[in-house]
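Written below as structure tokens is the structure these notes are about.
The values are calculated or read from the model by the stated rules, or taken from the named source; none is laboratory data. Predicted model only: the values in this text are computed from it and were never measured. All Cβ positions, glycine included, derive from the backbone under ideal geometry; neighbour counts span all protein chains shown. Surface areas here come from the heavy atoms of the whole protein model, side chains and all, with no ligands, DNA or RNA. Shrake-Rupley method; radii C 1.70, N 1.55, O 1.52, S 1.80 Å.
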Amino acid sequence: MNSNIPVLAIDGPGGSGKGTVGQILAQRLGWHFLDSGALYRAVAVAAVRDKINLDDQAALARLATSMNIRFIPRTDGSAAAVLLNGQDIGDMLRTEESGRLASIVAPLPDVRRALLQKQHSFRQPPGLVADGRDMGSTVFPDAILKVFLTASPEIRAQRRHKQLIDKGFDVNLPRLLDEIRERDARDAGRAVSPLKPAQDACILDTSQLDISGVVEHVHGLLRERQRPG
Ligand code: DC
């Protein structure tokens, strides 16, 4: 592993703000950005496209290993384009259905193992901001700073509702809340890499904070860690 390249690990449940915060910080620092959830989503979307059964662990792991996936950041700050074998599947990945399918393949140990190497390959100079569920606990245990963002399920459902409405989707708030609770339970209850903060993570509840408040707080923590001596 390129252990002298710094990693900022930002973990937490969906809707905690980690993706937005991570992208802003990556841009500000001039570091690379890894949206690890997009890798799980891409495995699920590609499996459905290739008619692979979502419980066929060996076939899913082969698919995960062979996937050529690249993120192309956009200069306007909107979500990066995601190229799977050259085709932009970014919009397809961000649907609720892709998230649901991803949470079915994510507990499979062979899939997680296959994606581990891929995630390590994003660690390139001058640094990496990695966002997910187990960046600090499993994938980059030597991260310079590990942050775990939380927010109540109700707040996360409201944020997701607003995001989807802004994108022109017709969504129902109580159903989103049910889905968030269901996905939290699946992510936290699985045997491999369950959703829980790394022992040495800084835990930050974002329920009462806006994005810029979280960005400044995390950036301040990072600067402290980077201070020599
Ligand atoms: O963050 P997200 O909603 O894009 O994640 C999609 C699914 O993938 C979600 O069920 C959690 C899972 N995931 C994971 O198990 N490990 C990660 N590092 C990132 C996401």
Q. How many of the residues making up the range 197-229 are touching a Ser or Thr at 6+ places or on another chain (Cβ under 7 Å), over 17 Å from Ile155 (Cβ atoms) and open to solvent by 20 Å² or more (accessible area, probe 1.4 Å)?
A. 0
Q. Looking at (1) in contact with a Ser or Thr (Cβ under 9 Å, 6 or more places away or on another chain); (2) without any contact (Cβ under 8 Å) to a residue 40 or more places away in the chain, which is the only condition Lys167 fails?
A. (1)
Q.
Tell me the residue from Ala114, Ala143 that is within 27 Å of Glu182 (Cα to Cα), hydrophobic (A, V, I, L, M, F, W, C) and open to solvent by less than 50 Å² (accessible area, probe 1.4 Å), please.
A. Ala114
Q: Answer yes or no as to whether Val171 is open to solvent by less than 60 Å² (accessible area, probe 1.4 Å), modelled with pLDDT of 95 or more and either closer than 15 Å to Gly37 by Cβ or assigned to a loop (DSSP other than H, G, I, E, B) (or both).
A: no
Q.
Looking only at the range 94-116, how many residues end up being under 14 Å from Asp134 (Cα atoms) and without any contact (Cβ under 8 Å) to a residue 40 or more places away in the chain?
A. 1
Q.
Considering only residues that are over 20 Å from Arg28 (Cα atoms) and touching a His at 6+ places or on another chain (Cβ under 8 Å), which ones fall in the range 196-229?
A. Leu204
Q. How many of the residues in the range 174-212 are of a type in the set (Gly, Ala, Ser) and either in contact with a strand residue (DSSP E or B) (Cβ under 8 Å, 6 or more places away or on another chain) or part of a loop (DSSP other than H, G, I, E, B) (or both)?
A. 5
Q) Taking Ser66, is it within 15 Å of the ligand (Cβ to nearest atom) and hydroxyl-bearing (Ser, Thr, Tyr)? A) no
Q | Single unsatisfied condition, Arg49 versus (1) more than 19 Å from the chain's Cα centre (by Cα); (2) within 14 Å of the ligand (Cβ to nearest atom) | A | (2)
Q. Only one of these conditions is not met by Asp88: (1) over 18 Å from Gln119 (Cα atoms); (2) open to solvent by less than 70 Å² (accessible area, probe 1.4 Å); (3) more than 16 Å from the chain's Cα centre (by Cα). Which number is it?
A. (2)
